[in-house]
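Data block below; observations after.
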Amino acid sequence: MKDWALWEVFVRAKGGLSHRHAGSVHAADAKMALEHARDAYTRRMEGVSLWVVPSAQIVASDPADSGPLFEPAEDKIYRHPTFYSIPDHIKHI
Amino acid sequence: MTPPLAQYALRLGDDSLILGQRLSEWCGHAPALEVDLSLANVALDLIGQATYFLGVAGDVEAKGRDADRLAFTRDALDFSNCLLVEQPNGDFAQTIARQFLFSAFQELQLGALASSKDERLAAIADKAVKEVTYHKQLAGGWIVRLGDGTDESKQRVVAGLDWMWRFVDEMFDMDALDRKLLKDGVAVDKAALRPAWDARVDAVLSEATLARPAPRRPVLGGRAGHHSEHLGHLLSEMQFLQRAYPGATW
């Protein structure tokens with residue numbers, strides 16, 4: 001068990017929604033990872049679909065790069081479409 | 001005398017109850033946290049089935065005993081589960097061997113019971129068969145991993161299957177009660193399920209690179225209350241609270 005790989009678990013709560021990261025499980029192979037994900041994360045009707053991905057396959061951004069990666073967006077408020085007035089008869093926005 | 005239908009529901013409920021209790025002994029002790037959750041989930045499914053089946057048994061019997069009374073106040077002689085489900089957990093491979101052999105049977109039995117003339121039993125079976133299909137897949141996957149794994153895992157799963165094999169025939173045994181209720185359209189023809197069970201089990205064993213265990217002299221008697229010594233120990237633990245504090249609730 002100590003050499004079981006780590007897998008990231010993504011759960012789709014219901015049809016039409018995207019899969020969201022729920023957590024991770026240890027498993028020796030893909031089939032076992034799906035079973036462990038099912039038993040750990042969907043036992044209270046949390047989902048209708050599961051993805052499992054080997055954690056080692058995920059490419060993550062380096063926290064040290066968060067300045068150049070994310071801070072430039074902070075003062076670009078014009079990227080939010082907040083300068084338009086929405087006509088009264090338009091719903092659901 | 002207990003009505004045949006009540007006895008039949010009792011058998012179905014006892015199989016699930018005793019195996020559920022056995023499996024729950026793993027809770028907190030399984031080889032990995034994830035496996036602990038898997039086994040506990042299966043155990044809870046089985047205890048849920050037992051609650052329904054024993055509820056029907058209590059209603060039909062009409063002696064004022066509900067599922068809890070039936071589970072917690074009967075003595076070993078009054079339990080009618082098959083002997084396979086009361087066998088000790090042993091190591092993980094032995095537990096998986098027992099689960100695989102039973103779930104492969106239970107899936108077929110519940111599939112057939114879903115068309116029983118008794119609507120209550122049919123409804124329980126229809127709901128439970130989906131759970132059991134998953135149990136069979138889970139256990140079958142482990143049979144393959146252990147059998148086609150390391151020398152040690154293979155040796156352990158071979159020993160586990162060998163321990164359990166003599167209790168296989170009893171699952172398919174049809175006694176007078178089964179035959180009477182089969183004629184009434186209520187019970188399942190368990191003997192007729194054997195070829196399908198053999199084919200499923202052989203397919204998994206072959207994928208696991210395992211040979212089918214040599215035929216053993218079958219051990220019978222569970223349906224008539226003749227149990228191994230293991231059941232008494234299991235009951236003493238399961239029933240302790242209701243025995244020491246009758247009627248206790250929380």
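With only alpha-carbon atoms in the gyration tensor, what are the semi-axes of the equivalent ellipsoid for chain B, in Å, largest first?
The equivalent ellipsoid of chain B has semi-axes of 28, 22, 16 Å.
Across peptide A:26-32, how many C-beta atoms of other chains are within 10 Å of each residue C-beta, on average?
Numbers: counts 4, 3, 3, 3, 0, 5, 8.
Partner Cβ neighbours, averaged per residue: 4.
Restricting the calculation to Cα positions, tell me the Rg (one decimal) and the Dmax (whole number) of region B:11-66 in Å.
Values for region B:11-66 (Cα only, Rg and Dmax): 13.5, 44 Å.
Quick check on packing: order B:143-150, A:56-63, B:18-25 by the mean number of other C-beta atoms within 10 Å, highest mean leading. Write down the numbers at each step before the final one.
Working: B:143-150: 18.6, A:56-63: 8.0, B:18-25: 22.6.
In descending order of packing, they fall as B:18-25, B:143-150, A:56-63.
Among B:Met238, A:Met32, which comes first, then next, by fewest other beta-carbon atoms within 10 Å? Let's see the in-between values first.
Values: B:Met238 18, A:Met32 24.
Lowest to highest Cβ neighbour count: B:Met238, A:Met32.
Would you compute, for the Cα atoms of region A:1-75, the largest minus smallest coordinate along each principal axis and list the three values in descending order, in whole Å?
Computed over region A:1-75, the largest-to-smallest principal extents equal 44, 35, 15 Å.
Arrange A:Ser55, B:Ser38 by Cβ neighbour counts within 10 Å, fewest through most, would you?
Numbers: A:Ser55 15, B:Ser38 25.
The most exposed by this proxy come first: A:Ser55, B:Ser38.
In nm², what is the average projected area of the convex hull enclosing the Cα atoms of region B:71-114?
Numbers: hull surface 16.4 nm².
Averaging across all directions leaves 4.1 nm² for the Cα convex hull.
Once amide H atoms are placed 1.01 Å from N in the peptide plane, what residues at a sequence separation of 5 or more from A:Ala5, or on another chain, have their amide H within under 5 Å of its amide H?
Under 5 Å from the amide H of A:Ala5: A:Ala27.
So what's the gap between the Cα centers of region B:161-224 and region B:29-48, to the nearest angstrom?
25
Mind listing the long-range amide H neighbours of A:Ser24? Cut-off is under 5 Å, sequence gap 5 or more, other chains count too, H placed in the peptide plane at 1.01 Å from N.
Here the answer is A:Val9, since their amide H atoms fall under 5 Å of that of A:Ser24.
What list of ³J(HN,Hα) values in whole Hz, one per residue of region B:67-75 in order, does the Karplus curve 6.51 cos²θ - 1.76 cosθ + 1.60 (θ = phi - 60°) give from phi, with Gly and Pro shown as x?
4, 5, 4, 5, 6, 9, 10, 8, 8
What angle, in degrees between 0 and 90 and rounded to the nearest 10, separates the Cα long axis of helix A:30-41 from the longest principal axis of the Cα atoms of chain A?
70
Could you count how many Lys pairs in chain A have their Cα atoms under 28 Å apart, skipping same-chain pairs fewer than 8 positions apart? The partial results should precede the final answer.
Numbers: A:Lys2/A:Lys31; A:Lys14/A:Lys31; A:Lys14/A:Lys91; A:Lys76/A:Lys91.
Total qualifying Lys-Lys pairs in chain A comes to 4.
If the only charges are +1 at each Lys and Arg Cβ and -1 at each Asp and Glu Cβ, what is the size of the charge dipole of the protein assembly as shown around the Cα centre, to the nearest 20 debye? Can you show the working numbers first?
Numbers: 38 positive and 47 negative charges, 164 e Å.
Value, rounded to 20: 780 debye.
Region B:91-205: D in µm²/s via Stokes-Einstein (Kirkwood Rh, Cα pairs, 10 °C, 1.306 mPa s)?
Numbers: Rh = 14.9 Å.
D, rounded to a whole number, is 107 µm²/s.
Once both axes come from the Cα atoms, what is the angle between helix B:229-238 and the longest principal axis of chain B, in degrees from 0 to 90, rounded to 10?
It works out to around 70 degrees.
List every residue whose amide H lies under 5 Å from the amide H of B:Asn81, counting only residues 5 or more places away in sequence or on a different chain, with H placed 1.01 Å from N in the peptide plane.
Distant-sequence amide H within range of B:Asn81: zero hits.
Relative to the longest principal axis of chain B, what angle (0 to 90°, nearest 10) does the C-alpha long axis of helix B:151-165 take?
With rounding to tens, the tilt is 30 degrees.
Could you run the Karplus curve 6.51 cos²θ - 1.76 cosθ + 1.60 with θ = phi - 60° over region B:31-44 and give me ³J(HN,Hα) per residue in whole Hz, x for Gly and Pro?
Per-residue couplings from phi come out as x, 8, 4, 5, 5, 4, 5, 4, 5, 5, 4, 4, 4, 5 Hz.
Take every residue in peptide B:191-201, count the Cβ atoms of other chains within 10 Å of its Cβ, and give the average of those counts. Show your work: numbers first, answer last.
Values: counts 0, 0, 0, 0, 0, 0, 0, 0, 0, 0, 0.
Shielding by partners across B:191-201 averages 0.
Tell me the relative contact order for chain A as a rounded percent, counting alpha carbon contacts under 8 Å between residues six or more apart. Walk me through the numbers before you get to the answer.
Details: 102 pairs, mean separation 25.6, N = 93.
It comes to 28 percent, rounded to a whole number.
Over the whole of B:134-145, what's the average partner chain Cβ count within 10 Å per residue? Rounded to a whole number, please. Spell out each step's value before the answer.
Numbers: counts 3, 0, 0, 2, 6, 0, 0, 5, 2, 0, 2, 4.
Counting Cβ atoms of other protein chains within 10 Å of each residue's Cβ and averaging gives 2.
Could you quote the convex hull projected area for region B:1-141, Cα atoms only and averaged over all directions, in nm²?
8.2
Taking 2.2 N^0.38 Å as the expected size of a compact globular protein, what ratio does the Cα radius of gyration of the protein assembly as shown give against it, to two decimals?
On the way: Rg = 25.0 Å, N = 343, 2.2 N^0.38 = 20.2 Å.
Here the answer is 1.24, to two decimals.
Which one, B:Gln106, B:Ala187, B:Val144, is farthest towards the positive end of the dipole of chain B when Lys and Arg carry +1 and Asp and Glu -1 on their Cβ?
B:Ala187
So what is the relative contact order of region B:102-250, in percent, for Cα pairs below 8 Å that sit 6 or more residues apart? It would help to have the intermediate numbers written out before the result.
Numbers: 129 pairs, mean separation 39.2, N = 149.
Normalised by residue count, the contact order of region B:102-250 is 26 percent.
Set Lys and Arg Cβ to +1 and Asp and Glu Cβ to -1, take the dipole of the protein assembly as shown about its Cα centre, and tell me which of B:Cys27, A:His26, B:Leu70 lies farthest positive.
Highest projection toward the positive end goes to B:Leu70.
Restricting to DSSP H runs of at least four residues, report the calculated mean residue ellipticity at 222 nm for chain A, -39500 (n - 2.57) per run over all residues, nearest 500 deg cm²/dmol.
Theoretical 222 nm ellipticity from helices: -5000 deg cm²/dmol.
Readers should treat all values here as calculations from the given coordinates under stated rules, not as data from a laboratory. Given the structure is predicted, the values throughout are model-derived calculations rather than measurements. All Cβ positions, glycine included, derive from the backbone under ideal geometry; neighbour counts span all protein chains shown.
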